[in-house]
Amino acid sequence: MDKYAYSEKINVHGIDVPFVSGIITPKIERPMRKGHYEAGEVGFMRDILRPGDRLLELGAGVGVVSSAAASIDGVDAVLSIEADPTLLPMIRETWRLNGIENAELRNGVAMAESDAKDAQEVNFYVRQDFWASSMEPDSRAYERVEKVPAAGVETLLKEFRPTVLSCDIEGAELGLLDGADLSGIRHIIMEIHPKVYGPEGVRRIVDMLGAKGFLPSPEATTSGSVKRFDRVEVDGRMTEEQGIPQRVYKSWPVETPRILIVTCMKNEGPFILEWLAWHRAVGVTDFLIFTNDCTDGSDKMLDRLDDMGLVRHMPNPALASGSANFQPQALRYLHYTRQMREADYIISMDVDEFINIHVGEGKLTDLFEATGEFDVLSMSEMNHGSNDRLAYERDWVTALYPGHESPSPGWRKARRGVKSITRLSPRVQAIRNHRPDISPDLGEVKWLDGSGRARNEFMAEAEDNGWDSRDSYDLVTLDHFPLRSLECYLVKMHRGDVVVANKSVSNRYWRTRNKAEHHTSDLTRFRPQAQAEYDRLLQDDILAKCHDDSCAAHEARIKSLEGVPAFEQRKMWIFSEAWKGEIPEPYRSRVAEQ
């Protein structure tokens with residue numbers, strides 16, 4: 001046919017393409033001659049296809065991708081489905097020029113099976129630039145309408161049995177694979193079209209594929225419109241990419257979620273059981289606890305809890321590497337653990353922090369129901385001061401220190417730290433202590449605060465660990481007890497920082513956190529549930545002894561610090577700061593003796 005006549009060939013990625021001016025318009029010709037046309041798709045095919053593979057291509061263009069795929073040694077077969085009947089002779093000629101004999105071409109519009117059965121034939125809107133032709137008429141002007149057979153994707157999958165799927169169908173990919181059985185497919189190459197269905201549509205596609213066991217490839221950039229998805233379970237075994245075990249993600253909502261807290265501890269023995277009981281009662285199902293250099297029996301207590309199946313206790317991996325960055329090393333190692341692989345939500349937090357939920361019965365599932373779907377929910381901290389308590393007491397932290405900083409700070413004092421509940425999805429790249437690293441290129445990100453408000457501005461600066469906390473406490477508060485009593489603070493000073501070795505709490509640490517004028521963040525409502533769990537824990541005689549031993553070790557440490565100059569100087573500074581220079585009892589008589 002004259003309309004398909006050509007006198008020149010363009011070589012694109014090693015594939016000869018007939019230069020038919022009526023089809024290869026100037027807008028298409030330029031990227032072809034520069035080597036940009038279908039570069040991502042061809043590169044992916046050459047990376048992933050191996051002997052015996054069968055490629056199902058939905059949207060064939062002018063045959064470049066199918067020719068590149070079919071030319072790879074050992075590829076068994078290629079089936080190309082193209083909706084635009086104008087392109088069929090062009091594709092066949094491209095195949096002829098490149099000696100392609102293991103490919104089949106069909107005219108059809110790929111659709112979900114139920115839609116295809118109802119439609120049988122579909123309107124296809126042909127535009128001047130063939131790559132803009134599609135099933136929707138409204139995005140831009142079209143030249144004509146073609147009636148094209150509907151091709152049910154589930155029928156195609158059953159009939160052809162592909163191992164690799166390529167999909168470039170100008171927006172019709174949304175919903176296409178939702179009901180399809182993809183168990184025989186190893187890789188999916190898909191061009192997404194957010195201009196057609198928006199970032200929420202991209203989110204739907206990515207989450208659907210994640211629930212079916214396909215994750216964005218860590219070997220391929222997530223930016224750009226062409227995405228590569230790799231199946232993470234093959235022949236019943238999880239694959240590994242770049243050494244990190246992969247996982248299958250569950251769709252929202254998860255009926256019985258696995259919720260993991262990961263934390264680092266050193267010499268926190270007296271406070272572990274209250275914190276553990278509270279969060280087990282709140283609904284946390286799994287605890288991964290890393291420790292280093294414990295001298296108060298914390299490690300023995302956690303070993304017992306591990307024996308009881310209540311936590312997973314591990315030495316901090318920083319010990320083996322000689323690193324001083326205890327918490328960062330542990331969080332990097334977290335990604336290799338079974339606990340993270342099996343979790344649906346993950347929270348990195350400390351033993352002096354308590355999740356205080358204000359809706360329903362105070363459980364995490366109540367919070368999730370109140371907020372609706374999210375990727376990240378960052379809880380603003382509420383610091384509780386020493387409440388003028390000097391001595392350590394064997395009682396609950398949440399009962400001894402009710403006073404806290406203002407729940408309604410002015411704008412100068414509004415910035416406060418956060419800890420985040422992260423729903424594990426294909427968008428999550430890494431877990432860090434305050435907030436995750438999350439990709440904005442894989443669909444809409446839903447980042448909420450403790451009042452359920454969208455706070456996506458937090459993504460603008462990846463190093464931000466806090467934000468404007470005003471009006472962010474309606475649904476959940478992170479009640480933080482960083483000081484406890486003066487004596488506990490001095491032991492914390494002696495212990496050093498749990499994040500980085502050889503770093504101690506400062507005068508500023510006390511000054512900025514010792515606020516206790518307000519009592520609105522009430523933890524008494526949930527205390528009965530936590531107390532019941534606490535009592536159950538102490539029914540284990542070995543655990544109860546470990547707890548008593550840690551309390552005694554804490555008291556012994558307090559005694560050993562008396563008279564040590566650095567700690568006496570800190571006490572004197574605190575007295576001048578908090579008590580306006582008046583030395584309270586029992587310290588007044590001790591100072592007089594000295």
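The values are calculated or read from the model by the stated rules, or taken from the named source; none is laboratory data. The model shown is predicted, which means the values in this text are computed figures rather than measured ones. We place every Cβ from the backbone using ideal geometry, glycine too, and count neighbours over all the protein chains shown.
Within segment 426-451, residues that are touching a residue at least 60 places away in the same chain (Cβ under 8 Å) and more than 18 Å from GLY224 (Cα to Cα) sit with their Cβ atoms under 8 Å from residues that are β-branched (Val, Ile, Thr) and outside any strand (DSSP E or B), at 6+ positions apart or across chains, in these pairs: ASN433/VAL499; LEU448/THR371. At least 1 residues being out of contact with any Phe, Trp or Tyr (no Cβ under 9 Å at 6 or more places or on another chain) and among the charged types (D, E, K, R) is the threshold, and among the strands (runs of 3 or more DSSP E) wholly inside segment 133-219 those reaching it are 187-191. When SER166, SER133, SER114 are screened for being within 34 Å of the chain's Cα centre (by Cα), under 27 Å from PRO26 (Cβ atoms) and assigned by TED's automatic domain parsing to the domain that holds ARG46, only SER166 passes.
Quick check on ASN387: is it under 30 Å from GLU487 (Cα atoms) and either of a type in the set (Ser, Thr, Tyr) or over 19 Å from the mean Cα position of the chain (by Cα) (or both)? Taking the combined requirement at face value, the residue satisfies it.
Within segment 407-439, the set of residues being surrounded by fewer than 16 Cβ atoms within 10 Å (Cβ to Cβ) and either among the polar types (S, T, N, Q) or part of a loop (DSSP other than H, G, I, E, B) (or both) comprises SER408, PRO409, GLY410, GLN429. Could we say that ASP479 is assigned by TED's automatic domain parsing to the domain that holds SER378 and part of a loop (DSSP other than H, G, I, E, B) here? The answer is no for ASP479. The number of residues in segment 418-459 being closer than 24 Å to ASP350 by Cβ and of a type in the set (Ser, Thr, Tyr) comes to 3.
Test of understanding: among ARG511, ARG557, ARG495, which residue is more than 23 Å from CYS294 (Cα to Cα) and in the same structural domain as GLY362 (by TED's automatic domain parsing)? I'd like the intermediate steps shown before the answer.
Details: ARG557 fails: more than 23 Å from CYS294 (Cα to Cα); ARG495 fails: more than 23 Å from CYS294 (Cα to Cα).
Exactly one residue qualifies, and that residue is ARG511.
Here VAL126, VAL78 are screened, and the one residue that is surrounded by 16 or more Cβ atoms within 10 Å (Cβ to Cβ) and under 36 Å from the mean Cα position of the chain (by Cα) is VAL78. Under the condition of being among the charged types (D, E, K, R) and at pLDDT 90 or above, the residues counted in segment 465-510 number 8. A count restricted to segment 183-207 and to residues that are in contact (Cβ under 8 Å) with a residue 24 or more places away in the chain, within 23 Å of ILE48 (Cβ to Cβ) and surrounded by fewer than 20 Cβ atoms within 10 Å (Cβ to Cβ) stands at 2.
Of GLY99, GLY152, GLY108, all but one fail to be more than 36 Å from the chain's Cα centre (by Cα) and crowded, with 18+ Cβ neighbours inside 10 Å; the exception is GLY108.
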